[in-house]
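Q: Next up is a structure, given as structure tokens.
None of the figures in this text is laboratory data; all of them are computed from the coordinates on show. Treat the numbers as computed from the prediction; the structure is a model and nothing was measured. Note that each Cβ is placed from the backbone with ideal geometry, even for glycine, and that neighbours are counted across all protein chains shown.
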Amino acid sequence: MSLKLPVVLTIAGSDPSGGAGIQADLKTIAALGGYGMSVITALTAQNTLGVEGIFEVPVAFIERQFDVLARDVSIDAAKTGMLVSPSIVRAVAGRIREHRIARLLVDPVMISKNGTALLEEEAREVLAAELLPLAYIVTPNIPEAAYLAGEGIASIDDMKQAAKKIHGLGPCNVLVKGGHLEGEAVDILYDGLRFQAFGSERIETRNTHGTGCTYGAAIATGVARGLTVPEAVERAKRYIIAAIRFSFSLGAGQGPLDHMAALLREKESPEHFQD
């Protein structure tokens, strides 16, 4: 008898340095017991110092990747990352609707850590109008949430107000990530009725390349495995903290997380991350 792995589709850009994007997503999905597939929206030339070039995959080929996978394999959950342009956002939203993917996590990636724009200004409006209403959960960081909500965020109360406004754009669940604020790293989840806070220690390291991609992929994998959104967030939070704790220096800039920390490090018990 074969054991069916939950299938998670990541729709994002490629990071040749391996720390973020498609590469980080696939590592995370595998580490947490899922089977990862990918639709690549863009190729990047980047390293630990930053993004130096972006090549958009033609929309027709993005759609072809999606169609070939969806007609062959049942997708349990999907996650979007770097979408670059209005035409790519519209194409992805169209395919999400056409293939009736209900458990969609939208990571509204807008700017890289070194300040490179990863989502064009017009595309941000299209994402809010066409993709967020399809989202089961959206996971903006503080700058992204401030843009989507149209107001500044300087406190947990501000995060809650932003989550309410973003929920009004259509997603079922909103997780505002608080890593950009001072103090304890607190994320706020809002489902339209209540707020839940997920706190964790703040680990001092510059090696945080791909944190947002990894966290979103971990949540999507939990949802694909049948966890509720709060359960998936809590499990993903434990996973990301371990990955950051064991992050390492690679190259001259911001190093990557250790996506296999929960499985390979003696200091972290794998059982701690099981359902």
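Q: Beta carbons within 10 angstrom, averaged per residue: use that to sort the peptides 121-129, 24-32, highest first. Walk me through the numbers before you get to the answer.
A: Details: 121-129: 17.0, 24-32: 25.6.
Highest mean packing first, the order is 24-32, 121-129.
Q: Right, next: How much of the DSSP beta bridge set in the chain is antiparallel, as a percent to the nearest 5?
A: Working: 16 of 38 bridges.
The antiparallel fraction comes to roughly 40 percent.
Q: If you place +1 on the Cβ of every Lys and Arg and -1 on the Cβ of every Asp and Glu, how big does the dipole about the Cα centre of region 1-126 come out, in debye to the nearest 20? Don't skip to the end; give the middle numbers.
A: Details: 12 positive and 14 negative charges, 98 e Å.
For this selection, approximately 480 debye.
Q: R0 = 25 Å: FRET efficiency of residue 202 with residue 122, Cβ-based, nearest 0.05?
A: Values: r = 35 Å, r/R0 = 1.40.
Computed FRET efficiency for residue 202 and residue 122 comes out at 0.10.
Q: Picking from 198, 73, 91, whose Cα lies most toward the positive end of the charge dipole for region 7-273 (charges on Cβ: Lys, Arg +1; Asp, Glu -1)?
A: The one lying farthest along the dipole's positive direction is 73.
Q: How many nm is it between the label spots at residue 245 and residue 263, if each spot is 7 Å from the Cα in line with the beta carbon?
A: According to this spin-label approximation, the distance is 1.9 nm.
Q: Which residues does a label at residue 184 reach in region 193-234, if reach means a backbone N under 12 Å from a point 7 Å past the Cα toward the Cβ?
A: The answer is 197-202, whose backbone nitrogens lie closer than 12 Å to the label point.
Q: What label, among (1) 16.9; (2) 18.4; (3) 13.8, belongs to mean projected area of the Cα convex hull in nm² computed from the structure on display?
A: So the calculated entry is the one marked (3).
Q: Let me ask something additional. Scan around residue 205 for amide H atoms under 5 Å from its own, H built in the peptide plane at 1.01 Å from N, and keep only partners 5 or more places away or cross-chain.
A: Those qualifying (amide H under 5 Å, at least 5 residues apart or on another chain) number zero.
Q: Taking amide H positions as placed in the peptide plane 1.01 Å from N, state which residues far from residue 135 in sequence (5 or more) or on other chains have amide H under 5 Å from it.
A: So residue 135 has HN proximity to 172.
Q: On a C-alpha basis, how far is the centre of region 106-172 from the centre of region 198-245 in Å? Whole number, if you could?
A: Region 106-172 and region 198-245 have Cα centres separated by 18 Å.
Q: For the chain, give the magnitude of the charge dipole about the Cα centre (Cβ charges: +1 Lys/Arg, -1 Asp/Glu; no others), in debye to the nearest 20. Could you put the intermediate results ahead of the total?
A: On the way: 26 positive and 32 negative charges, 106 e Å.
That gives the chain a dipole magnitude of about 520 debye.
Q: For residue 10, what is the net charge nearby, where nearby means another residue's Cβ is under 9 Å from its Cβ and Lys, Arg count +1, Asp, Glu -1? Walk me through the numbers before you get to the answer.
A: On the way: positive: 79; negative: 25.
It works out to a net charge of 0.
Q: Have a look at 149, 136, 111 and report the one farthest towards the positive end of the charge dipole of region 7-273, computed about the Cα centre with Cβ charges (Lys/Arg +1, Asp/Glu -1).
A: Going by the charge dipole, the pick is 136.
Q: List the lysines whose Cα lies under 23 Å from the Cα of residue 164, skipping any in the same chain that are fewer than 8 positions away.
A: Within reach: 79, 177, 237.
Q: Provide the packing ranking of 190-201, 35-46, 81-92, i.e. peptides ordered by the mean count of other C-beta atoms within 10 Å per residue, highest first.
A: On the way: 190-201: 13.8, 35-46: 20.5, 81-92: 23.1.
Result, highest mean first: 81-92, 35-46, 190-201.
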